[in-house]
Amino acid sequence: MRIVPFFISLVFTAGFFYMLSISHEIDGNRIPPLGKFLDPFHGFWQNIESNNTQPKQEEKLLGAVKDEVIIYHDSLLIPHLFAENDADLYLAQGYVTAMHRLWQMEFQTHAAAGRISEITGAGKNDAVLNYDRGQRRLGMVYAAEKALEGMLSSPASKEAVEQYTKGVNAYIETLSYKDFPFEYKLLDYAPESWTTLKCALLLRSMAQTLNMGDKDIEMTNTLRLFGKEAVDLLFPDREKVGEPIVSKPNQWNFPAISLDGKPLALPEELIQLQQKIPGSDPNTGSNNWAVHGSKTSTGSPMLSSDPHLNLSLPSIWFAIQLKTKNMNVMGASLPGAPHVIIGFTDSVAWAVTNAQRDLVDWYQIKFKDDKKDSYQLDGSWINSKKVIEKFTVRGRETYIDTVIYTHWGPVVYDESYQAEDNLKHYAFRWIAHDVSNESQTFYELNRAKNYQDYMQALNYYSGPAQNFAFASVQGDVAMRVQGKFPIRRKNEGKFVLDGSQTSNGWQAFIPNEQNVMEKNPLRGFVSSANQYPADSTYPYYIHARSFEAYRNRRINEVLGKSNQVKVEDLMQLHSDNYNMKAAESLPYFLSTIGTISALNKAEKKAFDKLSSWDFYYDVDSEGASYYEAWWDALMPLLWDEFDVEKTSLTYPTSYQTIYLLKKYPELKWFDFQSTPEKENAQVILLKAFRESVLQIENWKKDKGFEKVRWADYKDSYIGHLLRVSALNIKVQHGGNHDIVNAHSKTHGPSWRMVSSLEKNGIKTWATYPGGQSGNPGSRYYDRFLSHWTSGRYFELDFMQVIPEQPQQLTIILKPE
C-alpha cells in the first residue's frame, strides 16, 4: 500500500509546481508565477544591480545605423549621444531610453490607449476596465492618430519618430526573460513591439494631463440650480487679482478677429452626471521665468524651469544630451518620444508652464431614435460613425463597447456609461483631436540659435497650450503663450452647448502672431505660474477652469526686488515656501474668532501657533498644519449648497472664496442650509476652526506624535505607476499647492533647472524627484531624490567632445 502515499505525494508535488508556474488574481490584484518570479537565475533577482559596477564599454552591432554612434553615460547615468546624422541620433535616443525606461514607456501608452486591463485584468469592481473605457470614449487613440498624421507630414519629424521607434524595437529584440524590467516579471507579461503611434499616444497623454480641464457641466448645473447672478459672483471670468503673464494695456496693436452672430443662448438642462471622468488635475501647474542680464550678477540672462506634475516612479522625465554636427541640445526628454522637451542648446534655453486655457467643449446631441444611426445638425439628420472598441481583458472574455463619433467628436456619456440618472448624450470637442505637429516644434527648438528660431519653432505648436519662457546668449528674454486657441464669444465654452447647430462651434482661431507674447520687458524679467495670460485690454475673450492667483505674485515680488540676481537665488526661489494665500487670509480669519473666549485648551494652543506663524510651509512648521486643516474644514462648510446628490458641481476658487469672506461676510451663501438660524462668515470660520483642531488632535493621537510637523501631516510620497504601496517612496518636504514650492501630497516639481546663458558657454544645473533608471533595483532609480528634497542641484555636463575615460557604461552602436 506504499503506492498510495507515493501517489498522494506525487499529486501534491505536481500541483505545487503547477501553482508556481501560473499567475493568480486575488481580490483584484495579480500575483505572478512565483516559480518564475523567484528564479535566482532569471527572475527578479536579476534586476538587482550591484553598487560596485566598474566603468565599461560595449559594442552593439545594429543593421539600422548608418555610422557609428557613441552613447556615453556620465556619473549620474545621463546618456550623451554623439552621432554623425539625425537618423542615427534618433535611433540611438529610442534605444537608450528603452534600455532605461522600457516598462514605463509601454505602461503609460497602454494607459493612454485604454489597454491597462490587458495587463492587470478588469480590477476590483471593474475599476480598471472602466478606466480603459473612459480613455477610449474620450478618443485618446483618435487624438494620437491625428498627432501621428501631423508628425508624418513633415520629413524632419517623420524621420525622428520612425527612427526613434526603430531604436526602441532594436533594444526590445535583445531581451530575454531574465533581462525584462522588474514590472514585466511582477505582472507576468512581455513587452510588445513599439510603434510610431505609441510616440503619439505619449504626447497626447501629456495633453490629457495638462489641457483636458473644464467645468462646462459643473457650470451648467450651477446656472440651473442657482442662476446667472450666482455664476457671475462665484465664478467670474476674471478675478480681482492683478499681475497677468503679460501686461501692456492698450498696446495690443493688431486687428483682432471678431465673430458675427447672436450671443449663445444659456442652457436650461440640469446635467446629473454622478461620476464625471476626471479632467486635468487642478493642482497641476508650473513656474518658469527668465531674467534679463541687466538684473543678474553676471550680466547674462538666466532661465528657470519648474514644471509641476503628479510625481511618479519611474520618474516622468529622462535627462539626455543629443549631439550631431549641426545640433547640440541637453535637458529633459519624455520617455517614449524623441527630442528634448525642456532644455538648452549652445545658444538658447527654454522652459514651459501650463497655459490653463479652456480647450474643451461639451455638446448635447439629439439622435433621431434609439438606434443612434443619425443625429440632428443644422436642420438635417447626419449619419453618425460607430466605432466598435474591443477590450482584451486579462482573465476574461473580450469586452465590447460602441463609441459614437459626431461632427463634434466622440459621445462620451450615454446609457451604458456613467449616466444612470440622465440619458442625455454629450459629445466631446477637444483641441487635441485636431491634426498637429508638436514634434516639429521640439525638432526646431533643439536646433535654435536665437530669438527668431524660437519664434519660428513655436508656430508649429498647437497643444497642450503652454507658456514658453526663453533666454539666449545674445541677451534676449521672452515669453510666449502658445497654443491653438479658438476665438470665443462671451460665455462661449463656459456651459454645455447645443450640438444641433454648427454655429455653436469654433468658428476661427487666434492667429499665432496675436497670441500673448513679450520680449525684453522694461521690468527686466518674464515669468509665468498659470495665472491669467494678459491684461484686460487684450481683445480676445479668455476663459479657463481657473487661473492661479498666488505663486505668480510671489515670484514677481522676489524677482522685482533684486538687480543682482544670482543662480543660487533662482534655486532658492524654486524652494520658496512662503504662502501668500495664508498671509492674505489668516489675519482676517484670526480676527473673526479672536474675540471669542470660549476656546478649549487645544483650540487656544492652535490659535497661538497660528498667531505667531510666519506663513512659511517649512518641514517643521506646525502653523502650516493648523492652517491647512482649517482651510480643508472651511471649504465644504462654506459651500454646502454645492453638495447635491448625483450632480457634478465645483467650489469657487480659493481666491474668490477669501475675497467674498472679507468683502461680504453676511453673504447668503455663508448661511448653513441645514439649520434654521442665520449664520455668517464668523460663525462658519469658528466652526471650521474647531473641527480642524479636533481633527489634528485625533491625528496626533493616532500617530503618537506630540507635534503636528507639516512634513508629517502632509505625508507626501512619490507613487509607483502600478499604485502598489510597497513600491512608493515617502518624502519629507516642505511646500504645498498655492506656493512657489508647489509640492503637495502627490504633486510637485518634476524637473527643476536653472541656466545661466553666458557667451563663453551655457551653464545649467538641474534636479528631479527620482533618477535616470527605471529599475527599482538600481541605485540610479532615486539617485536625485535627496538633492531634490533639500533644494540641491547637479551641474549638467554639457559635453562638446567625447571624454576619453568612461564614467559609467559607454555603448558604441555600429552598423553591421
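Taking 45 Å as R0, compute the FRET efficiency from the Cβ-Cβ separation of residue 489 and residue 449 and round it to 0.05.
Numbers: r = 41 Å, r/R0 = 0.91.
FRET efficiency, residue 489 to residue 449: 0.65.
Just reorder 254, 470 by solvent-accessible area, largest first, 1.4 Å probe, all chains present. Walk me through the numbers before you get to the answer.
Numbers: 254 50, 470 0 Å².
Listed by decreasing accessible area, they come as 254, 470.
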Cβ-based charge dipole, the chain, positive-most Cα from 321, 560, 196: 560
If 101, 792 are ordered by their accessible area, calculated over protein heavy atoms with a 1.4 Å probe, which sequence runs from highest to lowest? 792, 101
Under unit Cβ charges (Lys, Arg +1; Asp, Glu -1), what dipole magnitude, rounded to 20 debye, does segment 581-708 have relative to its Cα centre? 220
Label-point separation, residue 456 to residue 715 (7 Å along Cα→Cβ), nm: 5.4
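Using only the heavy atoms of the protein chains and a 1.4 Å probe, how would 89, 721 rank by accessible area, largest first? Provide the component values of the computation, followed by the final result.
On the way: 89 0, 721 40 Å².
The ordering from most to least exposed comes out as 721, 89.
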Could you state how much accessible area residue 811 has, in square angstrom rounded to the nearest 10, with a 1.4 Å probe and all protein chains kept in place? 0
Farthest toward positive dipole pole in segment 213-574 [+1 Lys/Arg, -1 Asp/Glu at C-beta], among 505, 374, 439: 439
Please compute the length gained on full extension between residue 259 and residue 611, using 0.36 nm multiplied by the number of residues separating them and subtracting their Cα-Cα distance. 121.4 nm
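For segment 213-574, which semi-axes, largest first and in whole Å, follow from the square roots of 5 times the eigenvalues of its Cα gyration tensor?
One finds semi-axes of 40, 25, 19 Å for segment 213-574.
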Say a paramagnetic label sat at a point 7 Å from the Cα of residue 149, along Cα to Cβ; which residues of segment 207-234 have their backbone N under 20 Å from it? 207-208
Using protein chains only and a probe of 1.4 angstrom, how many square angstrom of residue 489 are accessible, to the nearest 10? 40
Give me the accessible area of residue 228, 1.4 Å probe, in Å² rounded to the nearest 10. 70
Do you know the relative contact order of segment 707-816, to the nearest whole percent, from alpha carbon pairs under 8 angstrom that are 6+ apart? 15
In nm, spacing of pseudo-spin labels at residue 519 and residue 174 (7 Å Cα→C-beta vector): 4.5
Given the Cα-Cα distance of residue 664 and residue 816 and 0.36 nm per residue of separation, how much length would full extension add, in nm? 47.1 nm
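Take every DSSP beta bridge with both residues inside the chain and express the antiparallel ones as a percent of the total, to the nearest 5. Walk me through the intermediate numbers first.
Values: 93 of 109 bridges.
Looking only at bridges with both residues in the chain, the antiparallel portion is about 85 percent.
If the only charges are +1 at each Lys and Arg Cβ and -1 at each Asp and Glu Cβ, what is the size of the charge dipole of segment 213-574 around the Cα centre, to the nearest 20 debye?
Working: 39 positive and 41 negative charges, 157 e Å.
In total the dipole reaches around 760 debye.
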Kindly state, to the nearest 0.05, the FRET efficiency for residue 727 paired with residue 779, given R0 = 22 Å and r defined as their beta-carbon distance. 0.85
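Averaged over all directions, how much area does the convex hull of the C-alpha atoms of segment 675-810 cover when projected, in nm²? Write down the numbers at each step before the final one.
Numbers: hull surface 59.3 nm².
Average of the hull's projected areas for segment 675-810 equals 14.8 nm².
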With +1 at each Lys and Arg Cβ and -1 at each Asp and Glu Cβ, the charge dipole magnitude of the chain around its Cα centre, to the nearest 20 debye, comes out at 400
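Pop the C-beta distance of residue 563 and residue 251 into the FRET formula with R0 = 22 Å and round what comes out to the nearest 0.05. Walk me through the numbers before you get to the answer.
On the way: r = 25 Å, r/R0 = 1.13.
Computed FRET efficiency for residue 563 and residue 251: 0.30.
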³J(HN,Hα), Karplus 6.51/-1.76/1.60, whole Hz, each residue of segment 109-114, x for Gly, Pro: 6, 4, 5, 4, 7, x
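Using the Kirkwood radius over C-alpha pairs as Rh, can you work out the diffusion coefficient of the chain via Stokes-Einstein at 20 °C, viscosity 1.002 mPa s, in µm² per second?
Working: Rh = 28.6 Å.
Once the numbers are plugged in, D ends up at 75 µm²/s.
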So, in nm, how far is label residue 58 from label residue 699 when the simple model puts each one 7 Å beyond its Cα toward the Cβ? 4.7
Find which of 805, 482, 359 sits farthest along the positive direction of the dipole of the chain, computed with +1 on the beta-carbon of Lys and Arg, -1 on that of Asp and Glu, about the Cα centre. 805
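Can you give the Rg/Rh ratio of segment 581-708, where Rg is from the C-alpha atoms and Rh is the Kirkwood radius?
Working: Rg = 15.0 Å, Rh = 15.5 Å.
Here the Rg-to-Rh quotient is 0.97.
Taking 0.36 nm per intervening residue step and subtracting the Cα-Cα distance, what contour gain separates residue 268 from residue 243 on full extension?
Values: separation 25, 0.36 × 25 = 9.00 nm, distance 3.56 nm.
Extending this stretch completely gives an extra 5.4 nm.
The values are calculated or read from the model by the stated rules, or taken from the named source; none is laboratory data. Every value quoted in this text rests on a predicted model; they were computed, and no experiment measured them. So basically every Cβ, Gly included, is an ideal-geometry build from the backbone, and we count neighbours across all protein chains shown. Remember, those area values only see protein heavy atoms, side chains included, never the ligands or the DNA or RNA. Shrake-Rupley method; radii C 1.70, N 1.55, O 1.52, S 1.80 Å.
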